[in-house]
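Worksheet: the structure to be examined is printed underneath.
The values are calculated or read from the model by the stated rules, or taken from the named source; none is laboratory data. Computed from a predicted model, the values in this text were never measured in an experiment. Cβ atoms come from the backbone with ideal geometry, glycine included; neighbour counts cover every protein chain shown.
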Amino acid sequence: MAQIIQIAAAACILLARMAAAQAGAESRNGDAAKTWPNSQSRANSDPWLAQHHDQIKKLEPRVLALNFCNELPPDRARATVEQLISALAESSRYHGFEISKATPFLQYQIAKIVDLRDPAPAPKTPDGNSTKYPRSTARNGPNFVYKDLYNETFAKYYEFENPEKPGTFLKLNELVERGIVNELWFLAYQRDAGAPFESTEQKPVYNEQFQRVGDEHRHSGNGGDPAEPWFGRSLRILFINAERGIGCAMESLGHSIEATANSGVIPYFTKYFNEYAGFDWNVKYKFPFNSLYAAQGDGKHKADYPNATTMIVHHGGKDFTIKDFVAAGGSVHFPPNGRSDYDMDNPQDVMSTIEHFRRFDGPGGKDIAEKFSIAKFKGFSQLAGDCMGPWLVYWRQCMPGLNNKSLDDAHKPMKNWFVFLFY
(Lines give C-alpha, C1' and ligand atoms only; values in the text may rest on other atoms or scores of the structure.)
Protein backbone atom coordinates (compact mmCIF):
# COMPACT_ATOMS: atom_id res chain seq x y z
CA MET A 1 0.00 0.00 0.00
CA ALA A 2 2.82 2.42 0.91
CA GLN A 3 4.44 1.80 -2.48
CA ILE A 4 1.16 2.52 -4.26
CA ILE A 5 0.80 5.79 -2.29
CA GLN A 6 4.37 6.80 -3.23
CA ILE A 7 3.70 6.10 -6.91
CA ALA A 8 0.46 8.07 -6.77
CA ALA A 9 2.22 10.97 -5.04
CA ALA A 10 5.01 10.94 -7.63
CA ALA A 11 2.41 10.94 -10.39
CA CYS A 12 0.66 13.93 -8.80
CA ILE A 13 3.95 15.81 -8.52
CA LEU A 14 4.74 15.02 -12.17
CA LEU A 15 1.28 16.19 -13.29
CA ALA A 16 1.63 19.37 -11.20
CA ARG A 17 5.01 20.09 -12.74
CA MET A 18 3.62 19.50 -16.22
CA ALA A 19 0.70 21.83 -15.51
CA ALA A 20 3.04 24.48 -14.11
CA ALA A 21 5.29 24.18 -17.13
CA GLN A 22 2.31 24.52 -19.45
CA ALA A 23 1.00 27.50 -17.49
CA GLY A 24 4.44 29.07 -17.59
CA ALA A 25 4.65 28.53 -21.32
CA GLU A 26 1.20 30.02 -21.80
CA SER A 27 2.19 32.97 -19.62
CA ARG A 28 5.39 33.49 -21.59
CA ASN A 29 3.48 33.26 -24.85
CA GLY A 30 1.00 35.78 -23.49
CA ASP A 31 3.85 38.12 -22.55
CA ALA A 32 5.35 37.61 -25.99
CA ALA A 33 2.17 38.93 -27.53
CA LYS A 34 2.40 42.03 -25.33
CA THR A 35 6.07 43.01 -25.51
CA TRP A 36 8.39 43.33 -28.49
CA PRO A 37 11.10 42.12 -29.04
CA ASN A 38 10.21 38.69 -27.65
CA SER A 39 10.92 34.99 -28.10
CA GLN A 40 8.79 34.87 -31.26
CA SER A 41 10.00 38.07 -32.91
CA ARG A 42 13.09 40.19 -32.40
CA ALA A 43 13.97 41.81 -35.72
CA ASN A 44 12.67 44.94 -37.41
CA SER A 45 10.12 44.44 -40.21
CA ASP A 46 9.11 40.98 -38.96
CA PRO A 47 5.60 40.06 -40.18
CA TRP A 48 4.87 39.36 -36.50
CA LEU A 49 4.70 43.11 -35.82
CA ALA A 50 1.85 43.71 -38.25
CA GLN A 51 0.09 40.49 -37.24
CA HIS A 52 0.15 41.37 -33.53
CA HIS A 53 0.10 45.16 -33.80
CA ASP A 54 -3.03 45.62 -31.69
CA GLN A 55 -1.90 43.27 -28.92
CA ILE A 56 1.48 44.89 -28.26
CA LYS A 57 1.60 46.71 -24.92
CA LYS A 58 5.26 47.69 -24.85
CA LEU A 59 8.22 48.14 -27.19
CA GLU A 60 11.73 47.51 -25.84
CA PRO A 61 13.92 48.07 -28.92
CA ARG A 62 17.65 47.55 -28.52
CA VAL A 63 19.78 50.53 -29.47
CA LEU A 64 23.46 50.41 -30.42
CA ALA A 65 25.15 53.74 -29.65
CA LEU A 66 28.50 54.94 -31.02
CA ASN A 67 30.60 57.75 -29.56
CA PHE A 68 32.86 59.46 -32.12
CA CYS A 69 33.47 62.57 -29.98
CA ASN A 70 37.08 62.78 -28.85
CA GLU A 71 36.12 65.28 -26.12
CA LEU A 72 33.13 63.33 -24.78
CA PRO A 73 34.05 60.84 -22.03
CA PRO A 74 32.12 57.55 -21.76
CA ASP A 75 30.11 58.59 -18.69
CA ARG A 76 28.78 61.68 -20.44
CA ALA A 77 28.04 59.70 -23.60
CA ARG A 78 26.04 57.20 -21.57
CA ALA A 79 24.23 59.99 -19.73
CA THR A 80 23.20 61.55 -23.06
CA VAL A 81 21.87 58.24 -24.38
CA GLU A 82 19.98 57.55 -21.15
CA GLN A 83 18.47 61.05 -21.14
CA LEU A 84 17.17 60.55 -24.66
CA ILE A 85 15.75 57.15 -23.73
CA SER A 86 13.93 58.77 -20.78
CA ALA A 87 12.52 61.57 -22.93
CA LEU A 88 11.27 59.12 -25.57
CA ALA A 89 9.69 56.94 -22.88
CA GLU A 90 7.88 59.93 -21.39
CA SER A 91 6.75 61.07 -24.83
CA SER A 92 5.16 57.66 -25.47
CA ARG A 93 2.80 57.93 -22.48
CA TYR A 94 -0.51 58.53 -24.23
CA HIS A 95 -1.95 61.74 -22.72
CA GLY A 96 0.62 61.48 -19.96
CA PHE A 97 0.22 65.20 -19.32
CA GLU A 98 -3.21 64.46 -17.83
CA ILE A 99 -3.19 60.70 -17.07
CA SER A 100 -0.71 60.08 -14.26
CA LYS A 101 -1.08 56.30 -14.59
CA ALA A 102 -0.26 56.25 -18.31
CA THR A 103 2.65 53.88 -18.83
CA PRO A 104 5.58 54.44 -21.21
CA PHE A 105 5.08 52.38 -24.35
CA LEU A 106 8.49 52.97 -25.95
CA GLN A 107 11.26 51.80 -23.61
CA TYR A 108 14.62 51.59 -25.39
CA GLN A 109 17.22 49.17 -24.06
CA ILE A 110 20.94 49.79 -24.53
CA ALA A 111 22.49 46.92 -26.47
CA LYS A 112 25.94 48.51 -26.24
CA ILE A 113 27.68 51.88 -26.23
CA VAL A 114 30.85 51.68 -28.29
CA ASP A 115 33.68 54.08 -27.49
CA LEU A 116 35.21 55.12 -30.82
CA ARG A 117 37.36 57.97 -29.53
CA ASP A 118 41.03 58.24 -30.40
CA PRO A 119 43.55 57.49 -27.65
CA ALA A 120 44.96 60.61 -25.99
CA PRO A 121 46.55 62.73 -27.20
CA ALA A 122 43.92 62.72 -29.96
CA PRO A 123 45.04 63.93 -33.38
CA LYS A 124 43.43 67.06 -34.78
CA THR A 125 40.53 66.35 -37.14
CA PRO A 126 38.34 68.70 -39.19
CA ASP A 127 35.38 68.39 -36.83
CA GLY A 128 36.68 67.10 -33.50
CA ASN A 129 35.38 63.62 -34.23
CA SER A 130 37.77 60.70 -34.05
CA THR A 131 39.71 59.19 -36.94
CA LYS A 132 37.21 56.30 -36.84
CA TYR A 133 34.42 58.66 -37.94
CA PRO A 134 33.49 57.53 -41.50
CA ARG A 135 34.23 60.92 -42.98
CA SER A 136 33.70 61.91 -46.59
CA THR A 137 35.46 64.83 -48.24
CA ALA A 138 32.26 66.89 -48.43
CA ARG A 139 32.16 70.26 -46.72
CA ASN A 140 29.06 72.21 -45.68
CA GLY A 141 26.90 69.19 -46.44
CA PRO A 142 26.50 65.52 -45.54
CA ASN A 143 29.96 64.24 -44.65
CA PHE A 144 29.12 60.86 -43.09
CA VAL A 145 29.62 57.64 -45.10
CA TYR A 146 26.72 55.49 -43.93
CA LYS A 147 27.67 52.40 -45.91
CA ASP A 148 30.86 52.08 -43.84
CA LEU A 149 28.78 51.26 -40.77
CA TYR A 150 28.05 47.90 -42.41
CA ASN A 151 31.64 46.84 -43.15
CA GLU A 152 34.04 44.44 -41.42
CA THR A 153 36.00 47.24 -39.77
CA PHE A 154 32.94 48.49 -37.91
CA ALA A 155 31.91 44.92 -37.10
CA LYS A 156 35.16 44.68 -35.13
CA TYR A 157 34.37 47.97 -33.40
CA TYR A 158 30.89 46.71 -32.41
CA GLU A 159 32.46 43.48 -31.10
CA PHE A 160 29.44 41.19 -31.21
CA GLU A 161 31.03 37.80 -31.84
CA ASN A 162 29.47 35.59 -34.49
CA PRO A 163 28.53 32.39 -32.60
CA GLU A 164 28.65 30.40 -35.83
CA LYS A 165 32.16 31.60 -36.69
CA PRO A 166 34.15 32.10 -33.48
CA GLY A 167 36.77 34.79 -33.82
CA THR A 168 34.69 36.85 -36.28
CA PHE A 169 32.15 39.58 -35.62
CA LEU A 170 28.64 40.32 -36.84
CA LYS A 171 28.18 43.22 -39.25
CA LEU A 172 25.46 45.80 -38.72
CA ASN A 173 22.98 44.21 -41.12
CA GLU A 174 23.53 40.85 -39.39
CA LEU A 175 22.93 42.43 -35.99
CA VAL A 176 19.65 43.86 -37.25
CA GLU A 177 18.60 40.65 -39.00
CA ARG A 178 19.13 38.69 -35.76
CA GLY A 179 17.30 41.27 -33.65
CA ILE A 180 20.40 42.01 -31.58
CA VAL A 181 20.10 45.66 -32.63
CA ASN A 182 16.90 47.49 -33.64
CA GLU A 183 18.20 51.04 -33.96
CA LEU A 184 21.55 52.84 -34.16
CA TRP A 185 22.41 56.20 -32.61
CA PHE A 186 25.76 57.91 -32.91
CA LEU A 187 27.15 60.90 -31.05
CA ALA A 188 29.28 63.28 -33.09
CA TYR A 189 30.17 66.95 -33.49
CA GLN A 190 28.88 69.04 -36.39
CA ARG A 191 30.96 72.22 -36.24
CA ASP A 192 32.29 73.61 -39.54
CA ALA A 193 33.17 70.52 -41.54
CA GLY A 194 29.81 69.30 -42.77
CA ALA A 195 27.49 67.00 -40.89
CA PRO A 196 25.55 63.74 -41.07
CA PHE A 197 21.86 63.63 -41.88
CA GLU A 198 19.67 64.19 -38.83
CA SER A 199 18.04 60.79 -38.96
CA THR A 200 18.02 58.28 -41.80
CA GLU A 201 15.94 55.20 -42.44
CA GLN A 202 15.07 52.78 -45.19
CA LYS A 203 11.74 51.04 -44.78
CA PRO A 204 9.80 48.32 -46.62
CA VAL A 205 6.66 49.32 -48.52
CA TYR A 206 3.35 47.96 -47.19
CA ASN A 207 -0.09 47.77 -48.74
CA GLU A 208 -3.46 48.69 -47.22
CA GLN A 209 -3.58 45.29 -45.50
CA PHE A 210 -0.17 45.89 -43.80
CA GLN A 211 1.51 43.29 -45.97
CA ARG A 212 4.91 43.93 -47.53
CA VAL A 213 4.93 44.68 -51.25
CA GLY A 214 7.67 42.37 -52.48
CA ASP A 215 11.08 43.85 -51.73
CA GLU A 216 10.00 47.43 -52.39
CA HIS A 217 11.57 49.94 -50.03
CA ARG A 218 12.03 53.68 -49.75
CA HIS A 219 14.05 56.19 -47.78
CA SER A 220 11.77 57.32 -44.98
CA GLY A 221 14.10 59.39 -42.80
CA ASN A 222 15.08 63.04 -42.73
CA GLY A 223 17.54 62.65 -45.59
CA GLY A 224 19.19 59.51 -46.86
CA ASP A 225 22.37 58.21 -48.40
CA PRO A 226 21.70 56.39 -51.70
CA ALA A 227 24.86 54.34 -51.14
CA GLU A 228 23.59 52.87 -47.87
CA PRO A 229 22.89 49.17 -48.45
CA TRP A 230 19.41 47.67 -48.28
CA PHE A 231 19.14 44.26 -46.63
CA GLY A 232 15.41 43.77 -46.29
CA ARG A 233 14.74 45.25 -42.85
CA SER A 234 14.16 48.78 -41.66
CA LEU A 235 16.87 50.54 -39.69
CA ARG A 236 16.75 54.04 -38.25
CA ILE A 237 20.12 55.76 -37.75
CA LEU A 238 20.08 58.88 -35.56
CA PHE A 239 22.79 61.53 -35.39
CA ILE A 240 22.98 63.04 -31.89
CA ASN A 241 24.82 66.34 -31.98
CA ALA A 242 26.90 66.11 -28.79
CA GLU A 243 27.07 69.89 -28.50
CA ARG A 244 23.30 70.19 -28.36
CA GLY A 245 20.73 68.71 -26.04
CA ILE A 246 18.11 66.00 -26.05
CA GLY A 247 15.42 68.27 -27.50
CA CYS A 248 17.35 68.57 -30.75
CA ALA A 249 17.62 64.78 -31.03
CA MET A 250 13.86 64.61 -30.43
CA GLU A 251 13.42 67.06 -33.29
CA SER A 252 15.47 64.86 -35.62
CA LEU A 253 13.41 61.81 -34.70
CA GLY A 254 10.23 63.85 -35.18
CA HIS A 255 11.29 64.62 -38.73
CA SER A 256 11.72 60.88 -39.29
CA ILE A 257 8.10 60.38 -38.26
CA GLU A 258 7.05 63.05 -40.74
CA ALA A 259 9.24 61.53 -43.44
CA THR A 260 7.74 58.09 -42.90
CA ALA A 261 4.33 59.58 -43.57
CA ASN A 262 5.57 61.54 -46.58
CA SER A 263 7.21 58.45 -48.06
CA GLY A 264 3.90 56.61 -48.15
CA VAL A 265 5.47 53.30 -47.11
CA ILE A 266 2.57 52.62 -44.72
CA PRO A 267 -0.62 53.99 -46.36
CA TYR A 268 -2.67 53.81 -43.13
CA PHE A 269 -0.11 55.88 -41.24
CA THR A 270 0.27 58.41 -44.06
CA LYS A 271 -3.48 58.99 -44.22
CA TYR A 272 -4.01 59.71 -40.54
CA PHE A 273 -0.70 61.37 -39.73
CA ASN A 274 -1.17 63.92 -42.53
CA GLU A 275 -4.49 64.84 -40.98
CA TYR A 276 -2.92 65.13 -37.51
CA ALA A 277 0.07 67.19 -38.69
CA GLY A 278 -1.83 69.52 -41.00
CA PHE A 279 -0.19 68.19 -44.15
CA ASP A 280 -3.51 68.16 -46.02
CA TRP A 281 -4.23 71.86 -46.41
CA ASN A 282 -4.15 71.71 -50.21
CA VAL A 283 -7.25 69.48 -49.92
CA LYS A 284 -8.83 70.76 -46.72
CA TYR A 285 -8.56 74.48 -47.50
CA LYS A 286 -7.78 74.37 -51.25
CA PHE A 287 -4.48 76.16 -50.57
CA PRO A 288 -1.73 76.05 -53.26
CA PHE A 289 0.49 74.40 -50.62
CA ASN A 290 -0.09 71.46 -48.32
CA SER A 291 1.30 72.77 -45.01
CA LEU A 292 3.04 75.64 -43.26
CA TYR A 293 6.37 74.06 -44.20
CA ALA A 294 5.63 74.97 -47.83
CA ALA A 295 4.24 78.45 -47.15
CA GLN A 296 6.65 81.21 -48.19
CA GLY A 297 5.85 83.74 -45.48
CA ASP A 298 5.89 87.53 -45.57
CA GLY A 299 9.47 88.02 -44.42
CA LYS A 300 8.52 87.66 -40.76
CA HIS A 301 5.79 85.07 -40.30
CA LYS A 302 4.29 82.28 -42.34
CA ALA A 303 1.05 82.61 -40.43
CA ASP A 304 -0.67 84.94 -37.99
CA TYR A 305 -3.62 84.40 -35.68
CA PRO A 306 -5.54 87.64 -35.01
CA ASN A 307 -7.71 85.70 -32.57
CA ALA A 308 -8.29 82.13 -31.43
CA THR A 309 -10.47 81.24 -34.43
CA THR A 310 -8.74 83.00 -37.34
CA MET A 311 -5.61 82.03 -39.27
CA ILE A 312 -3.94 84.12 -41.96
CA VAL A 313 -1.27 82.35 -44.01
CA HIS A 314 1.20 84.43 -46.03
CA HIS A 315 2.30 82.86 -49.29
CA GLY A 316 3.49 84.18 -52.64
CA GLY A 317 2.65 87.78 -51.76
CA LYS A 318 -0.94 86.85 -50.90
CA ASP A 319 -2.82 86.32 -47.68
CA PHE A 320 -5.00 83.25 -47.27
CA THR A 321 -7.53 83.69 -44.46
CA ILE A 322 -9.44 80.93 -42.73
CA LYS A 323 -12.19 82.01 -40.34
CA ASP A 324 -13.57 79.57 -37.79
CA PHE A 325 -10.09 78.02 -37.90
CA VAL A 326 -9.49 74.94 -35.75
CA ALA A 327 -5.96 73.52 -35.75
CA ALA A 328 -5.28 69.80 -35.57
CA GLY A 329 -2.10 68.36 -34.03
CA GLY A 330 0.63 70.43 -35.62
CA SER A 331 4.03 69.31 -36.87
CA VAL A 332 7.64 69.25 -35.70
CA HIS A 333 8.33 72.90 -36.53
CA PHE A 334 4.80 74.21 -36.01
CA PRO A 335 2.68 73.86 -32.86
CA PRO A 336 -1.02 74.56 -33.54
CA ASN A 337 -0.39 78.30 -33.05
CA GLY A 338 3.03 78.37 -34.73
CA ARG A 339 3.67 81.49 -36.80
CA SER A 340 7.02 80.48 -38.30
CA ASP A 341 9.40 77.54 -38.09
CA TYR A 342 10.48 76.79 -34.51
CA ASP A 343 7.95 79.17 -32.95
CA MET A 344 7.20 78.08 -29.38
CA ASP A 345 6.53 81.58 -28.01
CA ASN A 346 3.29 82.77 -29.58
CA PRO A 347 1.13 84.13 -26.72
CA GLN A 348 -2.02 83.88 -28.87
CA ASP A 349 -4.22 80.91 -28.06
CA VAL A 350 -5.92 79.04 -30.90
CA MET A 351 -8.66 76.48 -31.03
CA SER A 352 -7.28 72.98 -31.56
CA THR A 353 -8.39 69.35 -31.53
CA ILE A 354 -4.92 67.99 -30.72
CA GLU A 355 -6.07 66.37 -27.45
CA HIS A 356 -9.23 64.97 -29.05
CA PHE A 357 -7.81 63.86 -32.39
CA ARG A 358 -10.35 61.60 -34.13
CA ARG A 359 -12.31 60.92 -30.96
CA PHE A 360 -15.50 62.32 -32.54
CA ASP A 361 -16.55 63.29 -29.04
CA GLY A 362 -17.95 66.76 -29.69
CA PRO A 363 -21.23 68.21 -30.98
CA GLY A 364 -22.32 66.72 -34.28
CA GLY A 365 -19.73 63.97 -34.01
CA LYS A 366 -16.81 66.36 -34.48
CA ASP A 367 -13.67 66.35 -32.37
CA ILE A 368 -13.87 68.62 -29.35
CA ALA A 369 -11.90 71.80 -29.97
CA GLU A 370 -10.25 73.48 -27.00
CA LYS A 371 -7.97 76.47 -26.60
CA PHE A 372 -4.34 75.55 -27.17
CA SER A 373 -1.62 77.63 -25.56
CA ILE A 374 2.14 77.31 -25.22
CA ALA A 375 1.56 76.54 -21.52
CA LYS A 376 0.51 73.06 -22.66
CA PHE A 377 4.12 71.99 -23.20
CA LYS A 378 6.23 74.33 -21.07
CA GLY A 379 6.30 71.72 -18.29
CA PHE A 380 8.57 69.52 -20.42
CA SER A 381 11.34 72.13 -20.66
CA GLN A 382 13.54 70.40 -18.10
CA LEU A 383 13.16 67.00 -19.77
CA ALA A 384 14.04 68.11 -23.32
CA GLY A 385 14.76 71.81 -23.17
CA ASP A 386 16.42 72.79 -26.43
CA CYS A 387 15.26 72.97 -30.06
CA MET A 388 11.58 71.95 -30.25
CA GLY A 389 11.96 69.41 -27.46
CA PRO A 390 9.29 70.58 -24.97
CA TRP A 391 6.67 70.83 -27.70
CA LEU A 392 7.61 67.46 -29.19
CA VAL A 393 7.18 65.54 -25.92
CA TYR A 394 3.63 66.88 -25.70
CA TRP A 395 3.06 66.40 -29.46
CA ARG A 396 4.00 62.73 -29.25
CA GLN A 397 1.89 62.21 -26.12
CA CYS A 398 -1.11 63.41 -28.11
CA MET A 399 -0.49 60.98 -30.98
CA PRO A 400 -2.58 57.79 -30.99
CA GLY A 401 -0.52 55.54 -28.74
CA LEU A 402 -1.25 52.75 -26.29
CA ASN A 403 -4.89 52.73 -25.17
CA ASN A 404 -5.70 55.76 -27.32
CA LYS A 405 -9.31 56.85 -27.82
CA SER A 406 -9.04 57.75 -31.50
CA LEU A 407 -11.04 56.05 -34.25
CA ASP A 408 -10.27 55.39 -37.91
CA ASP A 409 -12.63 55.95 -40.82
CA ALA A 410 -14.38 52.66 -40.07
CA HIS A 411 -14.84 53.81 -36.46
CA LYS A 412 -12.51 51.08 -35.27
CA PRO A 413 -9.86 51.83 -32.63
CA MET A 414 -6.92 53.68 -34.16
CA LYS A 415 -3.76 51.62 -34.32
CA ASN A 416 -0.90 52.61 -32.02
CA TRP A 417 1.38 54.72 -34.22
CA PHE A 418 4.56 53.92 -32.31
CA VAL A 419 4.51 50.31 -33.49
CA PHE A 420 4.98 51.60 -37.05
CA LEU A 421 8.47 52.78 -36.03
CA PHE A 422 9.76 49.23 -36.46
CA TYR A 423 7.70 48.00 -39.42
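Looking at region 184-289, the strands (runs of 3 or more DSSP E) lying wholly inside it that each contain 2 or more residues that are buried (at least 22 other Cβ atoms within 10 Å of the Cβ) and either touching a His at 6+ places or on another chain (Cβ under 9 Å) or outside the structural domain of Y158 (by TED's automatic domain parsing) (or both) sit at 199-206. Pairs linking a residue in region 29-57 that is at positive phi to a residue that is at pLDDT 95 or above, with Cβ atoms under 8 Å and 6 or more positions apart or on different chains, are S45/K203; S45/P204; S45/R212; S45/G232; S45/R233; S45/S234; S45/F422; S45/Y423.
Table: residues versus (1) of a type in the set (V, I, T); (2) more than 17 Å from N241 (Cα to Cα); (3) in contact (Cβ under 8 Å) with a residue 24 or more places away in the chain.
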| site | (1), (2), (3) |
| --- | --- |
| V81 | yes, no, yes |
| I99 | yes, yes, no |
| K132 | no, no, yes |
| N143 | no, no, yes |
| G167 | no, yes, no |
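Regarding T353, is this residue at pLDDT 95 or above, surrounded by fewer than 17 Cβ atoms within 10 Å (Cβ to Cβ) and hydroxyl-bearing (S, T, Y)? So T353 fails the test.
Working only within region 141-173, note down all residues that are among the basic types (K, R), in a loop (DSSP other than H, G, I, E, B) and under 20 Å from A227 (Cα atoms).
Initial filter on region 141-173 (among the basic types (K, R)): 147, 156, 165, 171.
Going one step further and asking which of them are in a loop (DSSP other than H, G, I, E, B), we end up with 165, 171.
Passing the criteria: only K171.
Residue pairs whose Cβ atoms lie under 8 Å apart, separated by 6 or more positions or on different chains, with the first residue in region 296-310 and of a type in the set (S, T, N, Q) and the second part of a strand (DSSP E or B) and modelled with pLDDT of 95 or more, are Q296/H314; Q296/H315; T309/K323; T309/V350; T309/M351; T310/T321; T310/I322; T310/K323. For region 104-124, filtering for residues that are part of a loop (DSSP other than H, G, I, E, B), of a type in the set (A, V, I, L, M) and modelled with pLDDT of 95 or more leaves 1.
The residue of region 381-420 that is surrounded by the most Cβ atoms within 10 Å (Cβ to Cβ), among those that are without any contact (Cβ under 8 Å) to a residue 40 or more places away in the chain and farther than 30 Å from H52 by Cβ, is S381. For region 325-350: of the residues being under 17 Å from L392 (Cβ atoms) and charged (D, E, K, R), which is surrounded by the fewest Cβ atoms within 10 Å (Cβ to Cβ)? Checking each candidate, the answer is D345. Counting the residues of region 366-423 that are within 19 Å of V326 (Cα to Cα), assigned to a loop (DSSP other than H, G, I, E, B) and of a type in the set (S, T, Y) gives 2.
If you go through region 328-345 and keep only what is without any contact (Cβ under 8 Å) to a residue 60 or more places away in the chain and within 23 Å of the chain's Cα centre (by Cα), you end up with A328, H333, F334, P336, G338, D341, Y342, D343, M344.
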